[in-house]
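Contents: one structure, followed by commentary.
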Amino acid sequence: MLLSTNSIVNSMASTTVKRNNTICAILVILLVCVAAGSLAVGKYPLSLEKILAGDEMQRKVFYTLRMSRTAVAVFGGAVLGICGFVYQTVFRNPLASPDIIGVSSGASLGAAVGILCFGSTVAITVSAFAGAVLAVCLALLLSAADRTGRKSTIVLAGIAVHALAQTALMCMKTTADPERELASIEYWIMGSLAGVTSSKIGSNLLICILATVALIFLHRQTILLSADEGEARMLGVSVRKNRFIVLLLATLAVSAVVSLTGLISFIGLLAPHIARLITKNNSISTMLFSGLTGGILLCGADILARSTAQTELPVSIFTSLIGVPLLIFLTLKGRNVS
Amino acid sequence: MTKSAILSVSRVGAGYNGKQVIHDLSFSVLEHEVVGLLGVNGCGKTTLLKSICGIIPYDGNIEICGQNLRHLNARQLARLCSYIPQRSGISIDISALDVVLMGFNPELKILETPDAAMRKKAMEMLSLVKLDSRADDNYSSFSEGQKQLCILARSMVRECSLMLMDEPESALDFGGRYFMLDAVKKATAQRPCSALVTLHDPQLALNVCTRILLIKSGCIISEIEPGKSGISEIEQQLTKIYGPLSVRQCAGKNGKSQFVLIKE
């Protein structure tokens, strides 16, 4: 009997592993394709020969603008996908997104403060990042007041912080100069990768990469956190400590992205759903696929955002336009299969 | 030789939102024992188990393997005892094998993942509960009974000293109930461990438990030892909880004498 058990484990593991490897390869190839596309597409026509030949202007556009923009699209999308998976798993809610504990409203408020008080693009990025992290820390602190450590308390605290930040944002908007400041607040909230340049992205990308790597290593804890508090505790999980660490890491990563790009809708929600429809479960592969899918979606959407019309369009339009039909298609297809 | 106590509960009270549900409970569970908790709905069985897990705050003193529960952290506690909740809170899509592998968490460092030996052991447990062919299937697509078997496999994947089970068989079929409790009984016979199980079926409890605690309104009103207590005494005690009933003892085909309950 032992032998048969072993062979079942092996055969199962090998078919799943094989399938996952194939899907992983496909996703990586797709990501490389859209990234290459993103490097090639834009207002300023670039050619590989001229860059290699050392054309000063071509090189400058390629290295300071195209490269950094593509890097942010790929890594930013991946971060949003992975963090979306983390939020959905920890809150056991398929609709959970960074918004649920106040990330985006905090970032918007921070960006508005940056626009009104400082004005420089670096200041706006820093201020948005600080706003997002502060909002989440406030939500987590408020929820710590509940001794039982229920998950619903965090969600309620998040809603309270979100409402507070929205109100403050509204006040700031009324005082803003409608021609310049109000427009740039609105444009920031719509989200775009247009303002990304190589000088701004270094520290943000570093935060993203460190936090994401940590989250990937913590994947088993993230999945354990999806059990009831009591059940998780009896599986040896320090529920409140681990939840705090995981949520803080996810928040840092998402804040680092949205402070550069503004709010980008739908990727954090959609990428994990696509990944789950592929793997049919929640595991480390699902988490990695969420990241790959997120990168592909954001990079693809950004290519469309800068190539569809004469002017740059907000990237969220396209993340939703690509995302919604894809989600509906996969959901219906997934139903039929199972 | 005296058996050592795995669990000792002294003067424990607990409740929710300031309303006390269990009052001043004291008892102990010795090694090799399967202790059943019987009582009507809402009498405090689950509250008692939750306080022993340290999930809800309690007054009084609880010791597990000689260690004060208040001094144990989640990891230390989970190494000593396993817990089957009334309903598992897992509602995300996850494979049955991954659910069973969760049981190894107390042995793993925070960043470690289960190794091949653990996976093998997890598969053995799944084949014990006859779910090995569905190891890769989605746990949330299982029936409630299959989920309970899967959680049983998870709780037995490591050898804990104390198994706490809150109606572990509530969704199982007739055969499954006896199968589950026999598996628990076998484990307690093989090694120095014990189980504390809340049950709703007094007949099942009489036939599998070494001792039964009867709980009414948050207090232990009496104790039955199916092997030792007389039939009329058992009848009398159970009547206090379930109303008029008759207890009979009869032998099955293999000649083993079993209790049969008839509700009057």
May I ask you to list pairs of residues, at least six apart or on different chains, whose Cβ atoms are under 6 Å apart, with the first in the range A:38-61 being on the phi < 0 side of the Ramachandran plot and in contact (Cβ under 8 Å) with a residue 12 or more places away in the chain and the second being surrounded by 10 or more Cβ atoms within 10 Å (Cβ to Cβ) and in a loop (DSSP other than H, G, I, E, B)?
-> A:GLN58/A:LEU46; A:VAL61/A:TYR44
Restricting the search to the range A:239-272, which residues are of a type in the set (Val, Ile, Thr) and surrounded by fewer than 24 Cβ atoms within 10 Å (Cβ to Cβ)?
-> A:VAL239, A:ILE245, A:VAL246
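For every residue, the table says whether it meets (1) at the interface with chain A (Cβ under 7 Å from one of its Cβ atoms); (2) in a helix (DSSP H, G or I); (3) not small (Gly, Ala, Ser).
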{"position": "B:MET102", "(1), (2), (3)": "yes, yes, yes"}
{"position": "B:GLU112", "(1), (2), (3)": "no, no, yes"}
{"position": "B:MET118", "(1), (2), (3)": "no, yes, yes"}
{"position": "B:LYS130", "(1), (2), (3)": "no, no, yes"}
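Being part of a helix (DSSP H, G or I) and surrounded by 14 or more Cβ atoms within 10 Å (Cβ to Cβ) is the filter here, so list the residues in the range B:185-203 that pass it.
Once the filter is applied, which keeps residues that are part of a helix (DSSP H, G or I) and surrounded by 14 or more Cβ atoms within 10 Å (Cβ to Cβ), the range B:185-203 yields B:LYS185, B:ALA187, B:THR188, B:PRO202, B:GLN203.
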Which one of these is in contact with a helix residue (DSSP H, G or I) (Cβ under 8 Å, 6 or more places away or on another chain) and either part of a loop (DSSP other than H, G, I, E, B) or on the phi < 0 side of the Ramachandran plot (or both): B:VAL29, B:VAL35, B:VAL9?
-> B:VAL9
Members of the range B:153-178 found to be more than 14 Å from every other protein chain (Cβ to nearest Cβ) and either of a type in the set (A, V, I, L, M) or free of Cβ contacts under 8 Å to residues at least 40 places away in the same chain (or both), listed by number | B:GLU159, B:GLU169, B:ALA171, B:LEU172, B:ASP173, B:PHE174, B:GLY175, B:GLY176, B:ARG177, B:TYR178
Is the range B:225-235 home to any residue that is of a type outside the set (S, T, N, Q) and either part of a strand (DSSP E or B) or under 30 Å from B:TYR16 (Cβ atoms) (or both)?
-> no
Filter pass, B:ALA78 being modelled with pLDDT of 90 or more and within 29 Å of A:ASP146 (Cα to Cα) = yes
What single numbered condition from (1) in contact (Cβ under 8 Å) with a residue 24 or more places away in the chain; (2) surrounded by fewer than 16 Cβ atoms within 10 Å (Cβ to Cβ) fails to hold for A:GLY158?
-> (2)
Count of the range B:129-148 residues which are closer than 17 Å to B:GLY89 by Cβ and of a type outside the set (Gly, Ala, Ser) | 7
For A:SER47, all conditions in the list (1) within 14 Å of chain B (Cβ to nearest Cβ); (2) modelled with pLDDT under 80; (3) more than 20 Å from A:SER316 (Cα to Cα) hold save one; what is the number of the exception?
-> (1)
Considering each of A:ALA132, A:ALA128, A:ALA111, A:ALA139 in turn, give the residue that is in a helix (DSSP H, G or I) and more than 30 Å from A:SER307 (Cβ to Cβ).
-> A:ALA139
Determine, yes or no, whether A:ILE209 is β-branched (Val, Ile, Thr), at the interface with chain B (Cβ under 8 Å from one of its Cβ atoms) and either touching a residue at least 12 places away in the same chain (Cβ under 8 Å) or surrounded by fewer than 22 Cβ atoms within 10 Å (Cβ to Cβ) (or both).
-> no
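For the condition among the hydrophobic types (A, V, I, L, M, F, W, C), surrounded by fewer than 23 Cβ atoms within 10 Å (Cβ to Cβ) and closer than 30 Å to A:ASP228 by Cβ, what is the one hit in A:LEU95, A:LEU116?
A:LEU95
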For A:GLU312, all conditions in the list (1) surrounded by fewer than 20 Cβ atoms within 10 Å (Cβ to Cβ); (2) part of a helix (DSSP H, G or I) hold save one; what is the number of the exception?
-> (2)
From the list A:PHE318, A:PHE244, A:PHE266, which one is of a type in the set (Phe, Trp, Tyr), within 14 Å of chain B (Cβ to nearest Cβ) and in contact with a helix residue (DSSP H, G or I) (Cβ under 9 Å, 6 or more places away or on another chain)?
-> A:PHE244
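Here is a list: B:SER170, B:SER155. Which entry is under 25 Å from B:SER95 (Cα atoms), of a type in the set (Ser, Thr, Tyr) and assigned to a helix (DSSP H, G or I)?
Exactly one residue qualifies, and that residue is B:SER155.
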Within the bounds of the range B:57-66, is there any residue that is over 15 Å from the mean Cα position of the chain (by Cα) and at the interface with chain A (Cβ under 10 Å from one of its Cβ atoms)?
-> yes
Based on what the data block shows, is B:VAL40 in a loop (DSSP other than H, G, I, E, B), at pLDDT 90 or above and either more than 8 Å from chain A (Cβ to nearest Cβ) or surrounded by fewer than 20 Cβ atoms within 10 Å (Cβ to Cβ) (or both)?
-> yes
Which of (1) touching a residue at least 40 places away in the same chain (Cβ under 8 Å); (2) surrounded by fewer than 23 Cβ atoms within 10 Å (Cβ to Cβ) is the odd one out, the single condition B:SER28 does not satisfy?
-> (1)
The one condition B:ASP136 fails out of (1) modelled with pLDDT under 90; (2) surrounded by fewer than 16 Cβ atoms within 10 Å (Cβ to Cβ); (3) of a type in the set (Asp, Glu) is (2)
Among what's in the range B:80-97 and is over 20 Å from B:GLU124 (Cβ atoms) and more than 7 Å from chain A (Cβ to nearest Cβ), pick the residue that is surrounded by the fewest Cβ atoms within 10 Å (Cβ to Cβ).
-> B:GLN86
The residue from A:GLY191, A:GLY195, A:GLY236 that alone is closer than 18 Å to A:GLY110 by Cα and surrounded by 19 or more Cβ atoms within 10 Å (Cβ to Cβ) is A:GLY191
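The values are calculated or read from the model by the stated rules, or taken from the named source; none is laboratory data. Keep in mind that this is a model prediction, so the values were computed, not measured. All Cβ positions, even for glycine, are placed from backbone atoms using ideal geometry, and neighbour counts span all protein chains on display.
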